[in-house]
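The values are calculated or read from the model by the stated rules, or taken from the named source; none is laboratory data. Model, not experiment: these values are computed from the prediction. Please note: Cβ atoms are built from the backbone with ideal geometry, for glycine as well, and neighbour counts cover all protein chains shown. With ligands, DNA and RNA removed, areas are computed over all heavy atoms of the protein, side chains included. Shrake-Rupley method; radii C 1.70, N 1.55, O 1.52, S 1.80 Å.
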Amino acid sequence: MHLIQVDSVQRWMEDLKLMTDCECMCILQSKPISSEKDEQNELILSSQYSACDNLHLLLKRAWIISTELTRIAQKLEKNRWQRVHSMTVRVNCHVRSMINEYNAFTRNSSEEMHRFENLLIDKCSQFTAFTERCIQTEDEQILKSMKSCINETLTTVAQYFGQLTELLLTHEAQNLLKQIELSDSVYITELAINSLFSLTQEGAHLCRIIAKEGGVVTLFKICRQDCFKCLYPQTLRTLASICCVEEGMHQLEKVDGIQCLADILTDNSYSEATHAEAAAVVAQITSPHLTFTQHLSSFLENMEEIVTALVTLCQEASSGEVFLLASAALANITFFDTMACEILLQLNAMKILLEACSDKHIVDTPYSRDQVVTILANMSVLEQCASEIIQGNGVQLLMEMLFERSSSGNSAEVAACERVQQKSAVALARLSRDPEVADAAIKLSCIPRLIKLCRSPAERNNSDSVLVACLAALRRLAVMSPDGLEDSDFQQLVKPRLVDSFLLCTNMEESFV
């Protein structure tokens, strides 16, 4: 969990202010007197809590206990009994602290929660007793016979811990959602929504819990109340996070969420921030990476007005972030349904996107260019797109995108650059069916650039997808201008089957020494 991944000194300074003697003694008593130098693996957390971040404290405790249980399994495998016992004692301390802390700030705990708390505490005590017996004997046969028993107990502890954590987080999600539903205070509702959003950032599992407890229904109720209009951006941002899981998508369909998003996007009285976050929800629910979007039948009913609003948002975007969210939604929609490309063509979207690319304050990252070139590549299947590309100087833009390189070396940015290169080559290959586009591409020296991308793995960051797209584009242009290639390039990159040229290019840097 990202909550733990902070500067260690900073975390120690924060915890130091809250640390109590009781926990210090527990931790000290569990430390073995040994020569093993893995003190850096010790995980200590304050036993007191702050009222404003009790959820974060619960998640920290859960992460620590989960990590310690994994380490115990690893030490147990190596028969390091002293370490197994000391870590078991420490887990025991953390479990008790987590339960005590949670009971100190929670309300209306269920009988089931108390039952699992007692089961977990009893099993942890039993676990500690088992490991203590192991360090008091050196008989290999006894240790061997006890190992399977300890493994079984460890599995049960992990199971009870997982079930208890699930109950606690479900209870907290229920409390937050109840607070949002019952409160008429903007301030209290905002705090609850922010806490809910914080939970969604802890992974898909928590998003599923929130969705199952009716989170999508509750949040869309907020988006339908004018008195909470100032909270729409953070509410929509939370909805986008929850809708990364199938349970969230099903709920969105049930509460007619698509219609609500369309109403927000087409209403000019809302702020740009609200429109941008609504676009983010659309981008999420139409993501081509999700396998459960096929049931969004209501999206097709509202698609034209949503696409129109998103094109307007791209055209009027005041920042790169707003443009990125709007263009990402449009890019996903072009995958979602082919009719979207025809709507975009009617809306003159090609010209709007090409003009936006000339503004470096708006299209300012490889991520934004990735969205634009995705739309261009998907629209290029339509024959009418060729004239739009020529008029908007789009061939020049696609040529520039073949040179896309990461400036930071960040893995996500590098991947985005690869996608830009690949999709620009795909767009060129599709558009070059038109002789006028092919002629413009040849005059801009696209062929030498495509050859270099094919022959030099470093230029394409060793990406196979970029290679295939470049080979396809090169072959299309070679038909229009065979004189533009040297004989060796023609014989290796154009004449053979595509798969043979691909294998030749991927083997170029192999060493046979």
key: For F197, solvent-accessible area (1.4 Å; no DNA, RNA or ligand), Å²   = 60
key: Rounded percent of accessible protein surface that carbon and sulfur make up, the chain, 1.4 Å probe   = 50
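Calculate the dipole size of the stretch 393-512 relative to its Cα centre from +1 charges on Lys and Arg beta carbons and -1 charges on Asp and Glu beta carbons; express the result in debye to the nearest 20. Numbers along the way, then the final one.
On the way: 14 positive and 16 negative charges, 56 e Å.
It comes to approximately 260 debye.
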query = Fully extended, how many nm does the chain gain between D364 and C227 (0.36 nm per residue separation, minus their Cα-Cα distance)?
reply = 45.8 nm
inquiry  = Just want to confirm a number: the relative contact order over the chain, from Cα pairs under 8 angstrom separated by 6+ residues, in percent.
reply    = 7
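Want the number for S456 to E138: 0.36 nm per residue separation, take away the alpha-carbon distance, what's left?
Details: separation 318, 0.36 × 318 = 114.48 nm, distance 6.19 nm.
Stretched out fully, the S456 to E138 stretch lengthens by 108.3 nm.
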ask   = Convex hull over the alpha-carbon atoms of the stretch 401-513: what's its volume per residue in Å³?
value = 102
request  = At 27 Å minimum axial length over the Cα atoms and a Kyte-Doolittle cut of -1.0, report the qualifying DSSP H helices in the chain, or say none.
outcome  = 54-77, 81-105, 111-135, 140-182, 297-316, 411-431
query = Rounded to the nearest 500, what is the chain's calculated 222 nm mean residue ellipticity when only DSSP H runs of at least 4 contribute -39500 (n - 2.57) each, over all residues?
reply = -23000 deg cm²/dmol
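At a 10 angstrom cut-off on C-beta neighbours, averaged per residue, how do the peptides 459-466, 58-65 rank from highest to lowest?
Values: 459-466: 18.1, 58-65: 21.2.
Order by mean packing, descending: 58-65, 459-466.
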inquiry  = Taking 32 Å as the cut-off for C-alpha to C-alpha distance, list the pairs among K221/K351; K75/K178; K443/K495; K360/K495; K221/K423 that go past it.
reply    = K221/K351; K75/K178; K360/K495; K221/K423
query = In nm², what is the average projected area of the convex hull enclosing the Cα atoms of the stretch 72-163?
reply = 5.8
remark   = Given 132-143, 428-439, the highest-first ranking by average Cβ count within 10 Å works out to 428-439, 132-143
inquiry  = For the stretch 48-170, what does the relative contact order come out to in percent, with C-alpha contacts under 8 Å and a separation of six or more?
reply    = 30
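Counting only heavy atoms of the protein chains, get the accessible area per residue of the chain (1.4 Å probe) and round it to a whole Å² value.
Values: 24230 Å² over 513 residues.
Per residue, the chain has an accessible area of 47 Å².
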message = Shape verdict for the chain, please, from the Cα gyration tensor: rounded (a/c under 1.5), prolate (a/b greater than b/c) or oblate.
response = oblate
